[in-house]
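Taking it in order: structure first as structure tokens, then the write-up.
The values are calculated or read from the model by the stated rules, or taken from the named source; none is laboratory data. Since the model is a prediction, treat every value here as computed from it, not as a measurement. Virtual Cβ from ideal backbone geometry, glycine too; neighbours counted across all protein chains shown. SASA here: full protein model, heavy atoms, side chains in, ligands and nucleic acids out. Shrake-Rupley method; radii C 1.70, N 1.55, O 1.52, S 1.80 Å.
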Amino acid sequence: MSKKKDLVKNTFIILLGKVCTQFLSFFLMPLYTNVLSSSEYGTVDLIITYVALFVPVITLQIEMGLFRNLIDFREDEKARVRVVTSGLRRLCLQLIAFVVIFTVLNLFVKIPHGIYILLCIIFTMTSNVLLQIARGNGDNVGYSCASVIAGVSTVLLNILFLIFLKFKIEGMLLSSALANLIATIYLFFRCKLYKLIDIKARDKKTERELLKYSLPLVPNGLIWWIINVSDRTIITIFLGMAVNGIYAVSNKFSNILIQVFNVFNLSWTESASIHIKDDDRDAFFSDIFDVIIKLFSSVCILLILSMPLIFDILVGTEFREAYQYIPLLLIGMLFNIVVSFIGSIYVSLKLTKQVAETSFYSGLLNILINVLFVKLIGIYAAIISTIIAFLSMSIYRYIDVKKYINLKINVRNVATIIVLFIISAGIYYIGYNVLTICLSLILIFTIAYLNRNVFAFLSKKR
């Protein structure tokens, strides 16, 4: 199978699962925004975001080390047992230490919703680790099925806890924890983990190698927290939890873009790692980069054009203010996509130190702009800081990665996309009339023309 067909196949398999975990929750937004107040929704959003921060810190990103090393040992059963056993032993020790610290801390400083937060962290961690083991073994079908199970479970449990049992914040957190537990149990048997664990195979050298690979990803994860989470934290501190709820709803739409890309990026990271030593890697990587820029910019523009039609249907009136922030957040997510794409190249080269280094200054810049301007321009400070942070990191990473890969950009396509963005943003804020409807149709045909070769390109053998 060609590289491109393999990439498309894996992306499609993972997409089937991620549709459930990422997009079913999006379509439940009317439920969340009508059952929860903006303050309650802001609280849940903040907690879930912090859970996403703590999990990779607790695991020291060893799950990514498991994924990357298992790719190299797919044909070596003995090596796979050694890697999995060594990695899981280290992860168990870290989880036990965290639970003890969290429990002791909760005795002295009462953490709101503490037990629910702890359960979310534990089961999010276990499911994440097993998902990466499945990917490392090349079992994308298992990965996708686990995502479906987690997504459907989350939906059903949210309906149960929010509508029937009236649990509100606790209900959403408990739904997340139980859904991840169910996915963990499924993956344990799907991956036949009991066959990959042998205490005698535990190897200190392998543990050190996993840590050497994964540890640089931890500060990188913290920097991503600065970029992604500091916005919510600073808004909550300076403007209040209700305003954070508005910001959270605004982000839901831009998150569609990054979640769609993350589906692709899961299979792209695997393909990049497999083909990193191929003779034609520069052309292959540049071709995929061009497709990604065109395709996701087009999705972004189509979302902007559709928002005036669907926003009021999907979102409660209390969150109407969120409408004005969506286009700018979508632009920020586009730069995020470029950053993540190049980050996968670093991962394939096993240059995890560079991943952290290229994120550091962008993270500082983000938090500095946030703190300086949040009182003056409110939510716009968070949005502008995010755009500047991702833009600067995109430029930095692009220049830096060219030391290893001759990654090229199609300047003409980028210029066309910029013009389309300007027109679509004008339509968004002006609203629909005869002129803007005609312009929208022209934009849609232009987008179709811009992407005319994408599917033909992906189906070509290379």
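Shown here is the pair-distance distribution of the stretch 253-328: with all Cα-Cα distances grouped in 5 Å bins from zero up to the longest one, the shares run 3, 13, 20, 18, 13, 10, 9, 7, 5, 3, 1, 0 percent. Of all the Cα-Cα pairs you can form in the stretch 315-462, what percent are over 26 Å apart? Value for the stretch 315-462 (Cα pairs over 26 Å): 44 percent.
Across the cross-link table entries 294/353; 78/204; 204/350; 168/375; 78/192, which are compared at the Cα atoms, the separations over 22 Å belong to 294/353; 168/375. The slack between residue 434 and residue 306, meaning 0.36 nm per residue of separation minus the straight C-alpha distance, is 44.5 nm. Diffusion coefficient of the stretch 385-445 by Stokes-Einstein, Kirkwood radius over Cα pairs, 4 °C, 1.567 mPa s: 91 µm²/s.
Here the stretch 33-136 has 69 percent of its accessible surface on carbon and sulfur atoms, given a 1.4 Å probe and all protein chains in place. Take every pair of alpha-carbon atoms less than 8 Å apart whose residues are at least six positions apart; their mean separation over the length of the stretch 141-293 yields a relative contact order of 14 percent. Within the straight-line cut-off of under 14 Å between alpha carbons, the aspartates and glutamates reachable from residue 403 are 282, sequence neighbours fewer than 8 places apart in one chain being disregarded.
Quick one: Debye curve from the C-alpha atoms of the stretch 119-159, no solvent, what's log10 I(q)/I(0) at q = 0.14, 0.35 Å⁻¹? Log10 of I(q)/I(0), two decimals: -0.34, -1.07. Working note: Debye formula, equal point scatterers on the alpha-carbon atoms of the stretch 25-112, no solvent; log10 I(q)/I(0) at q = 0.12 Å⁻¹ is -0.62. Dipole orientation for the stretch 360-462: of the candidates 377, 404, 387, 404 has the Cα lying most toward the positive pole (charges on Cβ; Lys, Arg +1; Asp, Glu -1). With R₀ set to 45 Å, the beta-carbon distance separating residue 452 from residue 107 gives a calculated FRET efficiency near 0.10.
A 1.4 Å probe, protein heavy atoms only, puts the accessible area of residue 372 near 100 Å². Counting protein heavy atoms only, the stretch 336-413 has 69 percent of its accessible area on carbon and sulfur, 1.4 angstrom probe. In the context of the full protein assembly, residue 82 retains an accessible surface of approximately 70 Å², using a probe radius of 1.4 Å and ignoring ligands and nucleic acids.
Taking the square roots of 5 times each eigenvalue of the Cα gyration tensor of the stretch 312-402, largest first, gives ellipsoid semi-axes of 30, 16, 9 Å. Summed over the residues of the chain and divided among them, the accessible surface reaches 44 Å² per residue at a probe radius of 1.4 Å. The convex hull around the C-alpha trace of the stretch 93-174, projected and averaged over every direction, spans 6.3 square nanometres. Return the FRET efficiency for the residue pair residue 368, residue 57: r is the Cβ-Cβ distance, R0 is 30 Å, and the value is rounded to the nearest 0.05. Working from the Cβ atoms, E equals 0.85.
Taking a ≥ b ≥ c as the square roots of the eigenvalues of the Cα gyration tensor, the chain is oblate, since a/c reaches 1.5 or more and a/b is not larger than b/c. With the convex hull of its Cα atoms as the shape, the stretch 211-355 has an orientation-averaged projected area of 10.0 nm². Exposure check, 1.4 Å probe, all protein chains in place: residue 120 carries approximately 0 Å² of accessible surface.
Against the empirical curve 2.2 N^0.38 Å, the C-alpha radius of gyration of the stretch 155-284 lands at a ratio of 1.48.
With R₀ set to 22 Å, the beta-carbon distance separating residue 200 from residue 93 gives a calculated FRET efficiency near 0.80. Annotation for residue 208 and residue 163: the two label points, set 7 Å from Cα along the Cα-Cβ direction, are 5.7 nm apart.
Derived scalar couplings between HN and Hα for the stretch 375-382 equal 6, 7, 10, x, 4, 4, 4, 5 Hz in order, rounded to whole Hz, by the Karplus curve 6.51 cos²θ - 1.76 cosθ + 1.60 (θ = phi - 60°), x for Gly and Pro. Ordering 110, 168, 294 by accessible surface, largest first, gives 110, 168, 294; the 1.4 Å probe counts only protein heavy atoms, with every chain in place.
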